[in-house]
Every structure is written in structure tokens, then in C-alpha cells.
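Written out below as C-alpha cells is the structure these notes cover.
The values are calculated or read from the model by the stated rules, or taken from the named source; none is laboratory data. Predicted model only: the values in this text are computed from it and were never measured. All Cβ positions, even for glycine, are placed from backbone atoms using ideal geometry, and neighbour counts span all protein chains on display. Surface accessibility is based on the protein's heavy atoms, side chains included, excluding ligands, DNA and RNA. Shrake-Rupley method; radii C 1.70, N 1.55, O 1.52, S 1.80 Å.
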There are 2 protein chains.
Amino acid sequence: MRILILGGDGYLGWATCMYFSRRGHEVHAMDNYLRRRAHAEAGTDSLTPILESLPARARVWREVTGLEIGVTEGDLNDWNMLERVFRDFQPEAIVHYGEMPSAPYSMIDREHAVFTQSNNVLGTLNVLYAMAEFTPEAHLVKLGTMGEYGTPNIDIEEGFITINHNGRSDTLPYPKMPGSFYHLTKAHDSHNIHFACRIWGLRSTDLNQGVVYGIETEETKLDPRLATRFDYDEVFGTALNRFCVEAVIGHPLTAYGKGGQTRGYLNILDTLRCVELSCLNPPELGEYRVFNQFTEQFSIIELARKVQEAGREVGIDVIWHHYDNPRVELEEHYYNAKHTKLLELGLQPHLLSETLIESMFAVIERYKDRVIEDRINPRTRWRAVRERAAT
Amino acid sequence: MRILILGGDGYLGWATCMYFSRRGHEVHAMDNYLRRRAHAEAGTDSLTPILESLPARARVWREVTGLEIGVTEGDLNDWNMLERVFRDFQPEAIVHYGEMPSAPYSMIDREHAVFTQSNNVLGTLNVLYAMAEFTPEAHLVKLGTMGEYGTPNIDIEEGFITINHNGRSDTLPYPKMPGSFYHLTKAHDSHNIHFACRIWGLRSTDLNQGVVYGIETEETKLDPRLATRFDYDEVFGTALNRFCVEAVIGHPLTAYGKGGQTRGYLNILDTLRCVELSCLNPPELGEYRVFNQFTEQFSIIELARKVQEAGREVGIDVIWHHYDNPRVELEEHYYNAKHTKLLELGLQPHLLSETLIESMFAVIERYKDRVIEDRINPRTRWRAVRERAAT
């Protein structure tokens with residue numbers, strides 16, 4: 001299958017490029033290095049050393065495996081470039097990770113909020129037009145987030161919910177209550193994509209993904225130069241990955257607020273398999289479907305305890321301070337999100353085990369001298385603009 | 001009350017400026033003349049002759065009434081200008097019409113879709129930041145659209161719906177199924193505004209407005225130079241207003257498809273009163289509320305028949321052709337939208353009567369030599385990008 005991977009230089013994007021390439025697909029990666037630039041500006045970096053560019057990564061991939069990954073260094077908001085990629089490559093599937101992925105980044109200030117919404121929503125709108133014009137039968141596999149739903153007091157369904165109301169019934173998009181200007185972009189994308197499927201007969205799978213953890217895949221292990229990026233800083237690092245780095249370097253776990261915040265989580269290996277299952281089982285033309293892509297739910301406290309226990313096994317004393325929550329979110333809430341559709345397609349989850357955490361510790365240990373410790377504690381506050389105004 | 005009116009040069013915006021000014025409020029109007037430019041590019045124009053700029057309109061207003069309307073000619077996406085307006089004027093209410101308002105415009109092609117989403121969503125995001133920073137207690141009265149809901153097969157509630165699901169219950173944002181890239185911007189705005197109210201404690205009334213008709217208000221009648229704009233072309237003209245112009249000039253009514261499309265409608269006089277009622281009865285800080293702002297539902301066929309009947313009364317032979325529907329929408333569907341909240345605040349609707357249509361005919365008659373007839377028939381097709389690709 002010809003698979004175009006947007007955001008192919010990222011944590012999941014690069015891992016996905018290698019995964020599909022190794023399984024015999026023709027892969028083309030596109031990226032504008034947005035994340036690398038954001039790190040450079042903030043003085044942060046990936047824990048794992050990664051090669052300097054996508055072409056360099058593709059060269060090493062060819063050297064190690066003999067396989068080709070095509071590369072375009074460019075922006076989804078550069079229409080001429082996007083048009084050329086669609087015309088030339090004629091993708092059958094588009095795996096779309098190509099967005100600014102950080103909630104804290106989007107909440108830094110007005111400029112970052114506007115940039116995030118502009119970059120993500122308009123970039124995806126361009127992708128929809130490129131599909132409609134050049135590859136109307138291709139399948140858009142779009143990475144969304146479980147964060148689109150927020151934390152409603154009823155069960156979270158997969159994208160749609162049947163509502164019985166005043167004696168009538170309809171199945172409608174599940175209501176959205178995203179928790180940051182970043183998460184909002186994913187809800188906006190979902191609405192735009194759903195519309196494009198309705199009016200143009202495009203097809204799309206919207207993967208409402210949970211929080212991903214893990215540092216290695218089968219392909220990254222082939223050669224240290226094939227490592228995918230791994231972020232642990234307050235802006236790009238997500239809960240479990242960040243906790244593991246903190247444990248190894250002896251930094252208190254940065255668990256925010258009361259720690260009752262519950263979310264869906266999954267192993268990076270399951271992300272790869274979920275995206276593969278989506279590509280191999282496309283929806284009908286005109287269909288917009290949503291899969292909730294995670295394997296288990298944990299609260300922040302549960303995650304922190306697991307990291308402590310894994311630490312105990314290997315002789316690491318994991319400490320844990322109280323951090324004021326920089327976000328605005330419920331810290332104790334109901335959470336029960338459905339996630340059966342990918343299981344029905346054949347997903348066999350890698351559940352979170354102490355062994356997995358211990359193996360993450362071991363990899364992090366190798367790179368711990370690279371950790372920039374003063375970029376771990378939370379600094380980006382959701383109420384910043386109000387707090388500044390009040391002083 | 002100090003009221004900032006964004007989009008103060010538009011059909012409703014200018015009428016609202018005069019309405020509030022005359023009722024003793026301190027009014028400041030801001031507009032970037034987006035609509036005037038779009039008309040100039042398309043070779044279309046307002047039926048009513050309007051003065052060349054907001055300052056000119058404000059001068060005549062002062063001459064006629066002795067009242068001041070402040071003016072800023074500028075763009076919501078120009079942060080420096082927006083910041084200055086908020087700092088200097090310190091609005092207590094912000095009435096926000098300042099968006100690209102046309103569904104067909106947003107569907108012309110990729111550039112127009114991207115522009116519409118960029119202009120509307122990012123402009124409103126800037127407004128939210130300006131409020132958070134400079135006027136956190138001000139009240140945002142935001143013009144949305146009934147088109148955010150689409151045509152679900154259950155009753156449409158006002159912004160939120162209580163869902164009973166698997167033995168639990170929650171009141172959540174009503175699911176959105178907008179029908180154009182323009183309508184989608186209003187749904188995106190709603191999600192962004194709701195979030196800003198939750199995290200920053202802002203307050204907002206989101207007016208999901210139906211289709212507005214009417215050509216005169218008490219204030220426009222004070223002097224012909226105070227006319228508000230009136231659009232009838234295929235891009236900016238809406239159903240009833242366009243039909244009235246067509247009737248007067250002997251053009252077939254442009255009713256699309258089967259004509260069963262049912263929507264909410266209201267008189268421009270009721271728009272003014274609804275916005276006033278919203279301003280005079282603000283929500284609590286932190287509250288985001290939604291009012292469905294229309295007074296009656298009609299199908300396209302019902303509207304066309306009303307225009308025909310009014311024509312018969314005054315000796316106009318109204319003809320009516322079948323036009324292929326350029327949009328993608330259901331042409332026969334359930335539609336029952338609630339609209340009680342503004343009535344509870346005291347709205348006394350001006351319902352649609354033959355007399356009203358006849359009075360519109362009379363005003364249109366005065367200006368009928370200005371009609372550009374070849375810009376009335378539908379040319380903007382929702383599937384254009386697919387149709388072009390197929391040829």
C-alpha cells in the first residue's frame with residue numbers, strides 16, 4: 001500500500017514510517033520540523049539522540065534494511081508542496097500525525113494558541129482538499145485525541161452516541177469538551193473531516209488516541225541511529241514517559257493536583273498496530289468512523305504508584321511531590337471510555353507492566369546525561385493570561 | 001453600557017450600532033470591510049446604497065441624531081489594534097458579528113475555505129484573549145448560527161442537551177453537524193468560547209441565530225444615508241431577502257432542490273431586540289450560555305409560497321423555477337428547534353406576515369435599478385472540488 005505519513009519525523013511518526021516500510025508498504029514521510037524548532041526555541045531536546053533530518057534518517061534506514069522511505073521536508077500549509085506530494089505519490093492511505101501535539105504549548109500565550117489552531121486546523125483542511133482533488137478514494141487515518149471528549153459524567157462512546165430524546169432517537173457526534181486550545185484543534189479537525197466525508201464522499205478513520213508511552217519499537221532496536229524521539233519536558237513530555245525519566249534521574253514525579261485525573265493509555269507498539277489495523281481495514285467511501293485508541297485507563301496516582309513499584313524492584317527510590325495543577329481540569333471525576341472497535345479488528349494489547357517500566361528505566365539510564373532537568377517542572381499555567389492581568 | 005460592536009459595518013452590525021447608540025449606550029464599532037472587499041472582488045454590491053466607510057456613517061449618524069459612534073477600521077487578526085481598542089474603550093459588552101458570514105463563500109474553493117476558517121476562528125480567539133487580559137468581566141455576545149446543529153432527527157435544544165446513557169446522566173454541548181466550512185467555524189468558535197469561559201471565568205452568550213430577513217429598522221428610516229446593507233446575490237443573499245428581490249425584478253425564485261429544507265427565521269428587528277436582551281441580562285462570570293435566536297420555522301417551499309401570495313396582493317407575478325441544489329443537505333427532514341430562552345427574557349416576536357413582505361417589496365422597488373441580476377443564480381457548488389477532479 002502507498003502510505004503517506006504526515007508528521008513523519010515525530011515520536012510516533014518516525015516509528016510508523018519504519019513499521020510500515022518493514023512490512024512491505026511504500027512509505028513517504030512529510031514533516032516541517034515544527035517540533036524540532038519548538039524544542040530549539042525552548043532550550044529542550046529529545047532524550048534519545050536523533051539524526052539531524054528526515055533524509056538522514058531515511059539514509060540510515062536504507063543502509064540498515066535496504067528499504068526506501070521517501071521524504072518531503074515541508075509544511076501542510078504550503079499548498080504547492082502538498083499538491084505536489086499528493087500528485088506524485090498518489091497515496092492510498094494518509095496517516096496524519098502532522099500537527100502541533102502539545103496542550104501546554106498551546107496554552108503558553110496568545111501567539112502559541114493562535115499558532116496551534118492555525119497550524120493544525122488549516123493544515124488538515126488543506127489535506128482534505130488535496131484528497132478531494134487528487135486521491136478521492138484514499139483513506140485518511142487521522143490522529144485525534146481522547147482529550148476531545150473531556151471528562152463527561154456518562155460513558156464515553158467511540159465518536160458517536162445514540163441519543164433518545166423526547167420520544168425520538170438519533171446517532172450523533174459525541175459531545176466535545178476539550179481541555180486546551182490544542183485539544184480543541186482536534187475537535188475542530190473532527191468536525192471538518194466528518195463534513196468532508198459527508199459532502200465529498202471521502203473516507204476517514206479518526207483515531208482518538210490516549211496517552212502513549214514507550215521508548216522502543218522493533219525497528220528502533222535495529223540500530224541506535226534509528227531511535228525515535230522521546231520527550232520528557234513539561235511541554236512535550238506526557239505523563240508516564242516523563243515519570244520514568246524523573247524516576248531515573250531522581251527528580252520528584254510531577255503529578256499535578258490531586259492526581260485523580262484518569263485517562264486512557266497505550267504502549268507505542270499498540271499505536272503502530274492500531275494504525276496498521278485501521279489502514280488494512282478501511283471504511284467505505286463517504287464513511288467517517290472514530291476509534292478510541294487506548295488499551296487501559298489509569299489515574300495519575302495509579303501511574304505514579306506503578307513507577308514507584310517498578311523503581312523499588314530495581315533499587316530506585318522514586319519520590320513524589322505535590323505540584324499545584326497548572327491546568328484547569330477536574331481532579332476527581334467519572335471516567336469510563338469504550339475502546340472495543342480496535343480490539344474487534346484484532347488488536348492484542350501490550351498492557352502496562354512493571355517489566356515494561358523497568359525496561360524503559362534501562363533505556364533512559366543510557367541517555368540520562370542528556371536530561372535537561374530544569375525543563376521538567378510545570379511552568380505553563382492554563383490561567384496565565386488571567387494571572388498576569390490580575391497582577 | 002459601553003458596547004463594542006465587532007463587524008459594525010455589516011447588515012446587522014451597522015443596524016445594531018445605531019440601535020444601541022439611540023438607546024443611550026456608548027457604542028464603538030470595529031470592522032475591516034471584509035464584506036465590502038468580497039463584494040468588490042465578486043462584482044456584486046448591496047441593494048441599498050451605503051456610505052463609503054464607517055467614519056462616514058458615524059458622521060451622518062451624529063448629524064442626524066447628535067449621537068456619537070466611535071469607529072476603528074481594523075481587523076480582529078491585527079492584535080495590536082485589537083489590544084488598543086480593548087484597552088482604550090474598556091467594553092462592558094462585546095457584540096461580535098465580526099466574521100465572514102457566508103456559507104457559499106466558504107465553499108468556493110480551498111483558498112476561500114482556508115480564509116474563512118482562519119479569519120473567523122483565529123479572530124475570535126484573539127477576542128477571547130483580549131477579554132481575558134483587559135476586560136475579564138465583560139460579556140461576549142457572540143453571533144453563531146442555527147446551522148451549527150445541522151438537521152438531527154431529534155429536537156434541537158438550546159446549546160446543551162441532557163443525555164441519559166447507560167444509567168447515568170449529564171448535560172453536555174449539543175452535538176454539531178454544520179453544513180459548510182463557514183458553519184463549521186461557528187461550531188469551532190462555540191467550542192473555543194465555552195473553553196475560555198471554563199478556564200478563565202469569562203462570560204458569553206452564544207446566539208445561534210436563524211436566517212434574518214428585513215431591510216429597515218427604526219434607525220435606518222431616520223435618513224436614507226443611514227441605510228444598512230442588503231445582500232441578494234448568491235453568495236451573501238439569504239433565502240427570504242433574496243426571494244423578495246427576485247420577485248420585484250421578475251427573476252424566478254431561487255429555491256434549491258426539493259425545497260423541504262427547514263430552518264429558523266427572524267425579522268432584523270428581532271435580532272436587534274435579542275442582542276439587547278442578551279446584553280441587558282448578562283450571564284454570571286464563567287457562564288457560557290446558548291440561545292437559539294429565531295422566531296419561526298419555515299421550509300423553503302413555505303417561504304416561496306408566502307412571497308408568491310404577497311406578490312399576488314400587489315400585482316407581482318412571482319415565478320418559481322426548479323434549481324438543482326448546489327449544496328449538500330437533506331431536502332426533507334425532521335426539524336424542531338427550541339427557542340424559548342429569549343422569549344423568557346421578554347422578546348415579543350415580529351412574525352412574518354404578507355404585509356412585511358409587501359413593505360420589503362416597496363423598499364426594494366426604490367433600488368431595483370441597482371440589482372446585478374447575473375449574480376443571483378447559484379454558482380457555488382459544495383461538490384465543486386470533486387466535480388472538477390472528475391472532469
### Task
At least 2 residues that are out of contact with any helix residue (DSSP H, G or I) (no Cβ under 7 Å at 6 or more places or on another chain) and closer than 24 Å to residue B:332 by Cβ in each: list the helices (runs of 4 or more DSSP H) lying fully within region B:168-282 that qualify.
B:239-249
### Task
Kindly establish whether residue B:47 is open to solvent by less than 30 Å² (accessible area, probe 1.4 Å) and not hydroxyl-bearing (Ser, Thr, Tyr).
yes
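Look at residue A:153 and say whether it is at the interface with chain B (Cβ under 10 Å from one of its Cβ atoms), over 23 Å from residue B:183 (Cα atoms), more than 15 Å from the chain's Cα centre (by Cα) and in a strand (DSSP E or B). Even if it seems obvious, please write down each step before you answer.
On the way: at the interface with chain B (Cβ under 10 Å from one of its Cβ atoms): yes; over 23 Å from residue B:183 (Cα atoms): yes; more than 15 Å from the chain's Cα centre (by Cα): yes; in a strand (DSSP E or B): no.
Answer is no for this residue.
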#### Entry: Residues of region B:195-223 that turn out to be open to solvent by 20 Å² or more (accessible area, probe 1.4 Å) and within 11 Å of chain A (Cβ to nearest Cβ), as a count
2
### Query
Does residue B:85 qualify as being more than 12 Å from chain A (Cβ to nearest Cβ), over 22 Å from residue B:236 (Cβ atoms) and at pLDDT 95 or above?
yes
### Message
With the requirement that a residue be within 14 Å of chain B (Cβ to nearest Cβ), out of contact with any Asp or Glu (no Cβ under 7 Å at 6 or more places or on another chain) and open to solvent by 60 Å² or more (accessible area, probe 1.4 Å), what does region A:368-391 give you?
### Response
A:383, A:386, A:387, A:388, A:390, A:391
### Task
Could you please give the count of residues in region B:106-122 that are more than 10 Å from chain A (Cβ to nearest Cβ) and open to solvent by 10 Å² or more (accessible area, probe 1.4 Å)?
3
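So is residue A:225 farther than 25 Å from residue A:64 by Cα and among the charged types (D, E, K, R) or not? Write out each step before concluding.
Working: farther than 25 Å from residue A:64 by Cα: no; among the charged types (D, E, K, R): yes.
Answer is no for this residue.
Looking only at region A:123-145, filter to residues that are farther than 28 Å from residue A:294 by Cβ and within 10 Å of chain B (Cβ to nearest Cβ); which one of those is surrounded by the most Cβ atoms within 10 Å (Cβ to Cβ)?
Initially, region A:123-145 is screened for residues farther than 28 Å from residue A:294 by Cβ, giving A:126, A:129-130, A:132-137.
Keeping just the survivors that are within 10 Å of chain B (Cβ to nearest Cβ) gives A:126, A:129-130, A:132-136.
Details: A:126: 21, A:129: 22, A:130: 24, A:132: 21, A:133: 18, A:134: 19, A:135: 22, A:136: 16.
Only one residue tops the list, namely A:130.
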### Query
Among helices (runs of 4 or more DSSP H) lying entirely in region B:294-379, which contain 2 or more residues that are among the aliphatic types (A, V, I, L, M), closer than 18 Å to residue B:258 by Cα and touching a residue at least 60 places away in the same chain (Cβ under 8 Å)?
B:300-313
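Given the criterion touching a residue at least 12 places away in the same chain (Cβ under 8 Å), farther than 16 Å from residue B:217 by Cα, open to solvent by 20 Å² or more (accessible area, probe 1.4 Å) and not charged (D, E, K, R), identify the matching residue among B:42, B:29.
Working: B:29 fails: open to solvent by 20 Å² or more (accessible area, probe 1.4 Å).
Of B:42, B:29, the one residue that is touching a residue at least 12 places away in the same chain (Cβ under 8 Å), farther than 16 Å from residue B:217 by Cα, open to solvent by 20 Å² or more (accessible area, probe 1.4 Å) and not charged (D, E, K, R) is B:42.
What about residue B:158, is it over 21 Å from residue B:341 (Cα atoms) and either facing chain A (nearest Cβ under 8 Å) or surrounded by fewer than 22 Cβ atoms within 10 Å (Cβ to Cβ) (or both)?
Values: over 21 Å from residue B:341 (Cα atoms): no; either facing chain A (nearest Cβ under 8 Å) or surrounded by fewer than 22 Cβ atoms within 10 Å (Cβ to Cβ) (or both): yes.
No; evaluated as a whole, the condition is false for this residue.
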#### Entry: Which numbered condition residue A:94 misses (of (1) open to solvent by 10 Å² or more (accessible area, probe 1.4 Å); (2) touching a strand residue (DSSP E or B) at 6+ places or on another chain (Cβ under 7 Å))
(1)
### Query
On the given criteria, is residue B:161 over 23 Å from residue A:109 (Cβ atoms) and over 20 Å from the mean Cα position of the chain (by Cα)?
yes
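Just to be sure, is residue A:87 under 30 Å from residue A:284 (Cα atoms) and surrounded by fewer than 16 Cβ atoms within 10 Å (Cβ to Cβ)?
Values: under 30 Å from residue A:284 (Cα atoms): yes; surrounded by fewer than 16 Cβ atoms within 10 Å (Cβ to Cβ): yes.
Answer is yes for this residue.
Could you tell me whether residue A:283 is more than 30 Å from residue A:379 (Cα to Cα) and out of contact with any Gly (no Cβ under 6 Å at 6 or more places or on another chain)? Steps first, answer last, please.
Details: more than 30 Å from residue A:379 (Cα to Cα): yes; out of contact with any Gly (no Cβ under 6 Å at 6 or more places or on another chain): yes.
Yes, satisfied.
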### Message
Just to be sure I understand, how many residues within region A:162-173 are at the interface with chain B (Cβ under 7 Å from one of its Cβ atoms) and either out of contact with any Pro (no Cβ under 7 Å at 6 or more places or on another chain) or open to solvent by less than 20 Å² (accessible area, probe 1.4 Å) (or both)?
### Response
7
